[in-house]
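Structure first, then comments.
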Amino acid sequence: MGKIDNILTTLGTNNSSQIATAVLAGFKMFFLPLATATDKTASPEQKTYTILRDIIMEALALVTYIGVTGQVQKHATAPICKAYYKDKAKKLAKTGLLTQEELDILSNVDSKKIKMAGEDYLNRLSPNRKELPKEVSQYIEKLNGIVEKVEGSGEKPLKQTLETFVSGLKNSKPAEVVKPIAKETGKAAKNPEILKPLKVFHNTRIALSQLSVWVLAVAIIPPICNAVIAPLMKKFSPKTDSNAVKKPMEQQTLISKPTLQSNNAVVKKNEAVASFRGCYTNYSTGMRV
């Protein structure tokens, strides 16, 4: 039951695009052949060809969606998270909100620990979930503290600015608070928005899933299907009835040129012309009219 629980938990909690796309491919792999099998207008050869083609095509799509997208997420999510925090550290260095030590932490984020924490978060409902190492938890908490410090820097000055503004109005000194308001509001606006590690990991993973599915569906899977299915399906392609094509031609009646006898030449000629005009063959249908 452990494997079944893991599968159901993954399908219920994982909102990556490849899961929904793979489920759709599996649905089509089952029901398209079923619909073809119940088609009373198709011949047995046509049914065999169509059923095999649909099964092979959807199986290739399902395996590609799950396999390729999963590998992209596995190897690309954490490096992108590291690049994200490095970029934020460059922008935050100009604000003076963080110490040099905190900036160094953001500039050199440990992608392995973010990956472990992110995967632990995704598997939080799994019955077989293992306990996250203590050092990883502490590292993520330290990152969270830095992010909360940056986030609070935008809210606290704005709150103080509003309080100062109200106090200035009460004391009838609005001119004295206009300059601080502009300064603090501008400072809050310049502070870059920054997300917590698990949120960055989760969002990046979903974005990679969506991008991979679109690239696979448009540029990768169609040529793969053509390369695999085309030579394989030649053995099962329904054969056309060559006799049905040749039959009308065999039924065609060629009109011979009338022969004229020396005796009663004029009469024979007129009879031949009359016969030629009154009876001809329709070469498109093979019918005599």
request  = Determine the gain in length on full extension of the stretch His75-Glu101; use 0.36 nm per residue of separation and subtract their C-alpha separation, reporting nm with one decimal.
outcome  = 6.6 nm
message = Can you give the local net charge around Lys112? Use residues other than it whose beta-carbon is closer than 13 angstrom to its beta-carbon, Lys and Arg +1, Asp and Glu -1.
response = 0
message = What distance in nm separates the two pseudo spin-label positions at Gln46 and Leu132, each 7 Å out from Cα along the beta-carbon direction?
response = 5.8 nm
query = For segment 41-161, how big is Rg over Rh, using alpha carbon atoms and the Kirkwood form of Rh?
reply = 1.29
task = Would you tell me the accessible area of Val147, worked out with a 1.4 angstrom probe on the heavy atoms of the protein chains, in Å² to the nearest 10?
result = 0 Å²
Segment Leu211-Ala83, extension gain: residue separation times 0.36 nm, minus the distance between their alpha carbons = 44.3 nm
task = Would you work out if segment 76-118 is rounded, prolate or oblate? Take a ≥ b ≥ c from the square roots of the eigenvalues of the alpha-carbon gyration tensor; rounded if a/c is under 1.5, else prolate when a/b is larger than b/c, oblate otherwise.
result = prolate
key: Distance in nm between pseudo-label sites at Leu125 and Ala230 (7 Å out along the Cβ direction from Cα)   = 4.4 nm
request  = Pop out the carbon and sulfur fraction of the accessible area of segment 24-151 as a percent, whole number, probe 1.4 Å.
outcome  = 57 percent
note = Of 79-91, 42-54, ordering from highest average Cβ density within 10 Å down gives 79-91, 42-54
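The values are calculated or read from the model by the stated rules, or taken from the named source; none is laboratory data. Fair warning: this is a prediction, and the values are worked out from it, not measured in the lab. All Cβ positions, glycine included, derive from the backbone under ideal geometry; neighbour counts span all protein chains shown. Side chains are part of the model used for accessible areas, which takes the heavy atoms of the whole protein and leaves out ligands, DNA and RNA. Shrake-Rupley method; radii C 1.70, N 1.55, O 1.52, S 1.80 Å.
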